[in-house]
Every structure is written in structure tokens, then in C-alpha cells.
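**Student:** My questions all concern the structure below.
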Amino acid sequence: MSIVGRRDQTRYWVGFGRVPHIGPSRVARLQTVFGDLGRAWDAPASELRAALDDRATASLVATRATLDLDAELDRLAATGVTVIVRDDPAYPRLLAEIPVPPPVLYLRGELLPEDALAVAIVGTRRMTAYGREVTERFAADLAAAGVTVVSGLALGVDAVAHRAAVRAGGRTLAVLGCGVNIVYPDQHRGLAEEVSRAGALLSDYPPDRKPDAPHFPARNRIIAGLTLATLIVEAPERSGALITATFAADYGRDVFAVPGSVLAGASAGTNRLLREGARPVTCADDVLEDLNLGRRREQAATQLALPPLDDDERRVLALLGAETQHLDELAAAAGLATAQASALLLTMELRGLVRNVGAQHYARA
């Protein structure tokens, strides 16, 4: 899709995101009925009732009468907010696989392809000293191994996980129960800035939407959807972290839990998850091994010991993605002789940066 085409579709996704009483399921219904979001946005009320009830129809008619979609996109860009919609190539692949994925994401920061290798770390807001130490160890070690740590910027386990990932020099994503222009809780303003520089703050709510109690269980589906697995550190019997674990299990993603004392209320929900089939883990290596990611730690350590990439290597790496490319195509695109590109690719393969898939075809590792 062209840039113009993407902007045209994005404006409608943003518009519907501003309409009260219309969520992802109703937007999907509008797409089915009208075949195009632009047609749905402009449809008269009489036709909208084929897809919406009276309340949602009235809400849409009222919103579009006052909302300038192009001005809204310009305002978002001016405030540093990026919009990613379902048909955008940058939309997270894992999130797109869940039932009814959020049609639009707003973010501060940047999503990278390597964020597909992500693990959620969540738990109680009232963690114990044990919970703090365990969270710090897991988050730091996973981040150092090249795994993106995902959490919710809440007090307790969430905040500790984000901070540990940042301090380890890794990436971290915070999924909010409010808009990305709002920091909640307020005392995490500094942490939010750190996260946006080391990854991204993201939400499916419009940027200025204030936090509300129902938003937080709903945002947990995104935390689970963005990740290969969810790790519960400490959680009492009634905990939002258990909701995230339920979403992860429903999506067919792994659920890990750190065993806790049978006498500790903070671990009651975690220990119940273990009885119900969650996988017990005691260190980050357990998570990496169960997800077949053990080599990531070795590769990360190797990278630290090697000199940085030169300009030619960076140019070749930038040309590579998940899709394979032939050596000759890469050499031509990078402006290199075939023999020179072949030597570079061999070196980069030894460093764990590219994969040789045979017949002189290569892909990013």
C-alpha cells in the first residue's frame, strides 16, 4: 500500500478509535458490512444500523461531525505520537495473531522487528523483597540475552522489570491502561521516559485518554499478545497478573511462574498457576531453554566481545529482513562486489547476525 493509501486508512482507524461505544469487534463488523472503513465512516445513519446498534450509530454520527481526521493525524505527529494500524507492516506480528487484535496502536518510542522476541514479566503491585530480587534477575538476564521485556508500567513488579531491562541495556515495552500522553501512576514519569528511549510506551487508547479501572484488564490482552510467553513472579489470589496469564494461555502462549513460599499471600496466585499447569522457572536460563532461545545469550555475549560493524556490514544488515535474498541481489543493492559481499556475509553469519539458508540466499538471524 502506498504512503498516501496508508495515511488514508490510518485516518479512519484513528477516527473510529475516537468514537465511544465502538471497539475492535464493531469496527470489524463495519469492515465486513461496508468493505471499506472510509465508506463506513461516511455512511448515513440509516445504513450504519445494518452494523451498529442505535447507541453506537448515534455516537459515530456525533463524533464525525466534530472530528477533522487529517488535523487529528497532524496533531498526533506534532506531539511525537506514532500510529500503527492493523494493515501497517510495522504492526507486531504476534499481536496480529490474537483473536480481535487492537485495530490501532499509539506509541511513544519505537517498535523494532526484534521485539517479536519478547517475554512479559508481570506481578503484584505489593511485592515482597523476594519478588523484587527475582524480578530484577529475570528481567536483567532476559534483556541481556536479547529478549524484549514487556510489562504494564504499574507499581511493583512491572516497574522493577522495566528498570532492570533498561539498566541491562536491553529493550522494554510498556503497555498502558491509558493514552501514551498520560503517565499513570504519576510517579513513573521518569521511568516512562526511560522506557520510551529503550523501546516504547504503547496503548490502543487515544493518546489523551485518562486511566480507568476497566482499561487495565483490557490492556493485559495486549501484554500477553505481544509476547512469546508470560512470566508471573508474585501474584496473590486476586491479581491482574493472573488475567494476563489467562490471556496468554488462551492465545496458546507459554505461561511461566516463579514458585513462592506456601506461607506468602503474595505467591498464592502464582503457586495456584503452577498447580494448574504453568511451567515452573527459577532463572532466566529456564525461560530461554523452554522457548528454545538459549543461543541468544551466547550470541549476546559474543557481540560484546567483537568490534562494532563497519559501514558496509551495517548497510548489508539493513537490507536484510525475514525474507531471504540472493547474494547477487544483496551485493547490487549494497553497492559491493559479489566477492566482497560474500566475505561480509560469512563474517556476519559467524557473528550470529545473518542466516545462510542455502543456494546463496541469506536472511537476518
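**Student:** Somewhere in region 3-12, is a residue in contact with a strand residue (DSSP E or B) (Cβ under 7 Å, 6 or more places away or on another chain) and at pLDDT 85 or above?
**Tutor:** Yes, the conditions are met somewhere in region 3-12.
**Student:** E72 versus (1) modelled with pLDDT under 90; (2) loosely packed, with under 13 Cβ neighbours inside 10 Å; (3) assigned to a helix (DSSP H, G or I): which is the lone unmet condition?
**Tutor:** Unmet condition: (2).
**Student:** Do the conditions hold for A65, that is, is it assigned by TED's automatic domain parsing to the domain that holds A241, not β-branched (V, I, T) and not in a loop (DSSP other than H, G, I, E, B)?
**Tutor:** It is false that A65 is assigned by TED's automatic domain parsing to the domain that holds A241, not β-branched (V, I, T) and not in a loop (DSSP other than H, G, I, E, B).
**Student:** Quick one: which helices (runs of 4 or more DSSP H) lie wholly within region 291-345 and hold at least 1 residues that are of a type in the set (A, V, I, L, M, F, W, C), modelled with pLDDT of 75 or more and closer than 25 Å to A144 by Cα?
**Tutor:** 311-319
**Student:** Tell me which residues, restricted to region 75-108, are in a loop (DSSP other than H, G, I, E, B) and either among the acidic types (D, E) or farther than 15 Å from L201 by Cβ (or both).
**Tutor:** Residues satisfying the conditions are R86, D87, D88, P89, A90, Y91, E97, I98, P99, V100, P101, P103.
**Student:** What is the number of the single condition among (1) in contact with a strand residue (DSSP E or B) (Cβ under 9 Å, 6 or more places away or on another chain); (2) among the aliphatic types (A, V, I, L, M); (3) over 22 Å from F16 (Cβ atoms) that A129 does not meet?
**Tutor:** All conditions are met except number (1).
**Student:** Report, by residue number, each residue of region 164-177 that is free of Cβ contacts under 8 Å to residues at least 40 places away in the same chain and either within 13 Å of the chain's Cα centre (by Cα) or surrounded by fewer than 22 Cβ atoms within 10 Å (Cβ to Cβ) (or both).
**Tutor:** Of everything in region 164-177, those that are free of Cβ contacts under 8 Å to residues at least 40 places away in the same chain and either within 13 Å of the chain's Cα centre (by Cα) or surrounded by fewer than 22 Cβ atoms within 10 Å (Cβ to Cβ) (or both) turn out to be V166, R167, A168, G169, T172, A174.
**Student:** Give region 125-143 a look and list any residue that's under 21 Å from the mean Cα position of the chain (by Cα) and within 13 Å of G265 (Cα to Cα), or say none.
**Tutor:** Result: no residue meets the conditions.
**Student:** Which of the residues belonging to region 161-189 are farther than 16 Å from A118 by Cα and of a type in the set (S, T, Y)?
**Tutor:** Correct list: Y184 only.
**Student:** Does region 99-111 include one or more residues that are at pLDDT 90 or above, in contact with a strand residue (DSSP E or B) (Cβ under 7 Å, 6 or more places away or on another chain), surrounded by fewer than 16 Cβ atoms within 10 Å (Cβ to Cβ) and farther than 19 Å from V19 by Cβ?
**Tutor:** Yes, region 99-111 has at least one match.
**Student:** Could you go through region 120-127 and let me know if any residue there is outside any loop (DSSP other than H, G, I, E, B) and surrounded by fewer than 22 Cβ atoms within 10 Å (Cβ to Cβ).
**Tutor:** There is no residue in region 120-127 that is outside any loop (DSSP other than H, G, I, E, B) and surrounded by fewer than 22 Cβ atoms within 10 Å (Cβ to Cβ).
**Student:** Name the residues in region 9-62 that are surrounded by 15 or more Cβ atoms within 10 Å (Cβ to Cβ) and not in a helix (DSSP H, G or I), would you?
**Tutor:** Answer for region 9-62, where residues must be surrounded by 15 or more Cβ atoms within 10 Å (Cβ to Cβ) and not in a helix (DSSP H, G or I): R18, V19, I22, G23, A43, A51, L52.
The values are calculated or read from the model by the stated rules, or taken from the named source; none is laboratory data. Values in this document were obtained by computation on a predicted structure and should not be read as measured data. Because the Cβ atoms are built from the backbone with ideal geometry, glycine has one as well, and the counts that use them run over all protein chains shown.
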